[in-house]
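Below is one structure, written out as structure tokens; comments come after it.
The values are calculated or read from the model by the stated rules, or taken from the named source; none is laboratory data. This is a predicted model, so every value here is computed, not measured. Cβ: placed from backbone, ideal geometry, glycine included. Neighbour counts: every protein chain shown. SASA here: full protein model, heavy atoms, side chains in, ligands and nucleic acids out. Shrake-Rupley method; radii C 1.70, N 1.55, O 1.52, S 1.80 Å.
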Amino acid sequence: MKKHFKISIVLTIFTLFACTPRTVIQTPFAIPTENLFEQAEKNFFQGDYNRAMELYNQYMTDHSGGPYAMRALMREGEIYTLKRDYATARMVYQYMLEQHPNHGLAPEARFAILKTFYEEQDYANLIQQAEFIIKDMSSVSHIMDIYLLMGDSHLAQNAQVSAAWYYAQAQSAKDKADKKRTSAQKTGEPELPKIDKRVRKKLAKTLSKLSLKDIAKLSEKLDHPGIIGYLTYGTGIFHAQEKKYEAAIRLLSDFIETFPGHEDLPAAKVRLEEILNKLQEQSTATSSPDTVADIMARYNQNLVGCLLPLTGKYSTYGNRALNGIQLALSRYEGLNVHPPIRLVIEDTGSDPETAIRKFHAMARKNVSAIIGPIKTAQAVAIEAQKQRIPIITFTQKKDITEIGDYIFRNFMTPKMQVDATVSYAMDVLGIKNFAILYPNEKYGETFMNLFWDKVMSKGGKVVGVESYKPSSTDFAAPIKKLVGRYYSIKTVQRKKKRSIVDFEALFIPDEANKVGLIIPQLAYYDINDIRLFGTNLWHSRRLIKLAGRFADGVVFPDGFFLNTRRQSTLEFIQMYKQTFGQKPGFMEAVAFDSASMIFSILIEKKIRFKSELKNALAHVNNFNGASGLTSFDETGESSKQLFLIRVAGDEFEAVKTD
């Protein structure tokens, strides 16, 4: 088009609309036939832009207030854009917006202005104006268009991370609009929203230049697991195509473990399986030291970590646990398992910072699971959940498994002890009325509350509760309070007070040294013919020595018992004695069981991903080990069949519960 013709058209636009009232014009419902606008449209779609421009211009001259005036202007702006006259195109679009800012085509005009900046590679202007324009957009489609264009602008400048971020914003806008409908239809386990086809196509352009660090950076900036999942998956596929198998295996493995509900999960599993099979074939066909077998070895699922306090205050417990773990490993070494299970052992001491540092060193070795720690369990569990590494802890720390679904606890807790004791007392012995005598400190208060709650939940009664100072050696006052002999009552005729024992059993959650002093005093105040229950701290010969014959018949739970008749426990005790020349305890037994669970799953179930190991652990049910039967519930908390132990004369014996 000649220059004077272009100028005349622009002048015509301004002349035609200068006197036009600024009213909202609705987009037409139908286009009349055989008129100027229809002829202009035919020429436009046939690519005859010069003739189309003349007809659009003529239509606006003859029908300045016509229903297609804004559409005609929009077309003229498009023609200028197609002819790469972006400045004039912007003049047309801007005129439309000034005259009719609320017209149905206004959002398209605003987006068209941004497109002209993109075509001119004026990305700074585009992004600046887009941030302002998008605030006034209400249509999800238009918002997505703008975010996608902003992403394209960053991609054109080789800013892949920023581009992916804006593409993700486009997806988030769509998800937000679909949220109400999605939540109404959602049933069962939640799934990640599917990614829009346009967004996937745009994101695919970033994959070739995104590194592992880039994806990690996006993970911190984005709150959209679907997008992060796709980027992880897509980048893994790209690396596989480039034969960068180490990166591909890491990315696809991370994707499968981290995004179990993602739409690309089936494809990722198939692709990873193909890569691993291909690498296995290559390692068989070549003796080159740089085969993929070496790469696969770095992701060996049979590498298990042990984080334990082997020095310092808690070293006794840490070394006992390590003995149990190594004993479990020796059993599986005898089975000629290939590849063999290997341990990575780190000393945590008693310092959480040291434990976290050792954890990260272990995570870099890509261990499939971690056994431990003890004192520093919470600090490590938080990190393990972040990196999705299954961990079995040995701690009584409250709510440790609520940190996340990769955290398990295989240890005896106060709740377990109380549940076992109360169930035996009420279900087997038929006791209904209880009293509690406890030390006024954290341990005693914890057990007192748990015991009281458990009795009430099973329909029993707690008719008396008294406490004493932890430093006490004389327990007369709290005992007399339990039986109504503490407070004196003046009567006309003074009589000797008698104990009112309205309970059938007494629970005392304290250590053997204290309980050994309390039990004889009960008899002195006529508290006879009742059942006495305690905690695992009673499992000491010190109790029998101090209480003497008064200790006969007392019952308490424990997680391990040397004089048991359980076959699995007896086999463990024999193996331990033969290997270490001494008798094992609870810590050795529970560590042995934890390691055995992990080892058996890794060997028997062909585990390749940590998420699969986590799921398998969550389904452990009645594992028959050294510490009895163990199961994990849906929170990762262990449910153990504790040993109930009774004092018989000067010995401990197992209680028959059936």
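For the condition part of a helix (DSSP H, G or I), farther than 17 Å from PRO193 by Cα and either in contact with a Cys (Cβ under 8 Å, 6 or more places away or on another chain) or open to solvent by 70 Å² or more (accessible area, probe 1.4 Å) (or both), what is the one hit in GLU274, GLU257?
The conditions single out GLU274.
State which residue is farthest from TYR118 (Cα to Cα) when the search covers only the stretch 74-84 and only residues that are charged (D, E, K, R) and surrounded by fewer than 16 Cβ atoms within 10 Å (Cβ to Cβ).
Filtering first and then ranking leaves LYS83.
One residue is enough: does the stretch 446-454 have a residue meeting the conditions at pLDDT below 95 and open to solvent by 50 Å² or more (accessible area, probe 1.4 Å)?
No, the stretch 446-454 contains no residue that is at pLDDT below 95 and open to solvent by 50 Å² or more (accessible area, probe 1.4 Å).
Does ALA130 count as surrounded by fewer than 19 Cβ atoms within 10 Å (Cβ to Cβ) and without any contact (Cβ under 8 Å) to a residue 40 or more places away in the chain?
So ALA130 fails the test.
So which residues in the stretch 90-119 are in contact with an Asp or Glu (Cβ under 6 Å, 6 or more places away or on another chain) and crowded, with 22+ Cβ neighbours inside 10 Å, if there are any at all?
Of everything in the stretch 90-119, just one residue is in contact with an Asp or Glu (Cβ under 6 Å, 6 or more places away or on another chain) and crowded, with 22+ Cβ neighbours inside 10 Å, namely VAL92.
Would you call SER350 hydroxyl-bearing (Ser, Thr, Tyr), touching a residue at least 12 places away in the same chain (Cβ under 8 Å) and either closer than 25 Å to LEU602 by Cα or open to solvent by less than 20 Å² (accessible area, probe 1.4 Å) (or both)?
So SER350 fails the test.
Would you call VAL590 out of contact with any His (no Cβ under 8 Å at 6 or more places or on another chain) and either open to solvent by less than 10 Å² (accessible area, probe 1.4 Å) or among the aromatic types (Phe, Trp, Tyr) (or both)?
yes
Only residues in the stretch 300-328 that are more than 18 Å from SER368 (Cβ to Cβ) count as the first member; pair them with residues that are of a type in the set (Phe, Trp, Tyr) and buried (at least 24 other Cβ atoms within 10 Å of the Cβ), Cβ under 6 angstrom, at least 6 apart or cross-chain, and list the lot.
GLY324/PHE592; LEU327/PHE592
For the condition of a type in the set (A, V, I, L, M, F, W, C), closer than 24 Å to LEU335 by Cβ and assigned to a loop (DSSP other than H, G, I, E, B), what is the one hit in ILE603, ILE607, ILE598?
It is ILE607.
Only one of these conditions is not met by ALA124: (1) under 48 Å from the mean Cα position of the chain (by Cα); (2) surrounded by 17 or more Cβ atoms within 10 Å (Cβ to Cβ); (3) among the hydrophobic types (A, V, I, L, M, F, W, C). Which number is it?
(2)
So which residues in the stretch 549-569 are over 38 Å from the mean Cα position of the chain (by Cα) and open to solvent by 30 Å² or more (accessible area, probe 1.4 Å)?
The answer is ARG549, PHE550, ASP552, LEU562, ASN563, ARG565.
Is it the case that ALA163 is closer than 12 Å to THR206 by Cα and in contact with a Leu (Cβ under 6 Å, 6 or more places away or on another chain)?
Yes, satisfied.
Using the structure shown, decide if LEU537 is among the hydrophobic types (A, V, I, L, M, F, W, C) and closer than 19 Å to PRO414 by Cβ.
Yes.
Mind listing whichever residues of the stretch 60-73 are of a type outside the set (S, T, N, Q), in a helix (DSSP H, G or I) and either open to solvent by 10 Å² or more (accessible area, probe 1.4 Å) or modelled with pLDDT of 95 or more (or both)?
ASP62, ARG71
Only one of these is farther than 27 Å from ALA384 by Cβ, basic (Lys, Arg) and open to solvent by 10 Å² or more (accessible area, probe 1.4 Å): ARG646, ARG608. Name it.
Criteria check complete, one pass: ARG646.
Here are some conditions: (1) open to solvent by less than 20 Å² (accessible area, probe 1.4 Å); (2) among the β-branched types (Val, Ile, Thr); (3) modelled with pLDDT of 95 or more. ILE341 meets all but one. Which one does it not meet?
Result: ILE341 passes all but (3).
Considering the stretch 542-566 alone, what residues qualify as being small (Gly, Ala, Ser) and assigned to a helix (DSSP H, G or I)?
Result: ALA547, GLY548, ALA551.
Which members of the stretch 145-176 meet the condition of being surrounded by 20 or more Cβ atoms within 10 Å (Cβ to Cβ) and outside any helix (DSSP H, G or I)?
Result: no residue meets the conditions.
Could you list, in sequence order, all residues of the stretch 402-459 that are among the basic types (Lys, Arg) and in contact (Cβ under 8 Å) with a residue 60 or more places away in the chain?
ARG409, LYS432
Residue by residue, here is whether (1) over 24 Å from PRO225 (Cβ atoms); (2) open to solvent by 30 Å² or more (accessible area, probe 1.4 Å); (3) at pLDDT 85 or above holds:
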position: LYS244; (1), (2), (3): yes, yes, no
position: ALA247; (1), (2), (3): no, no, no
position: PRO266; (1), (2), (3): no, yes, yes
position: VAL270; (1), (2), (3): no, yes, yes
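Within the stretch 527-541, how many residues are closer than 24 Å to GLY464 by Cβ, part of a loop (DSSP other than H, G, I, E, B) and either touching a helix residue (DSSP H, G or I) at 6+ places or on another chain (Cβ under 9 Å) or polar (S, T, N, Q) (or both)?
Of the residues in the stretch 527-541, 5 are closer than 24 Å to GLY464 by Cβ, part of a loop (DSSP other than H, G, I, E, B) and either touching a helix residue (DSSP H, G or I) at 6+ places or on another chain (Cβ under 9 Å) or polar (S, T, N, Q) (or both).
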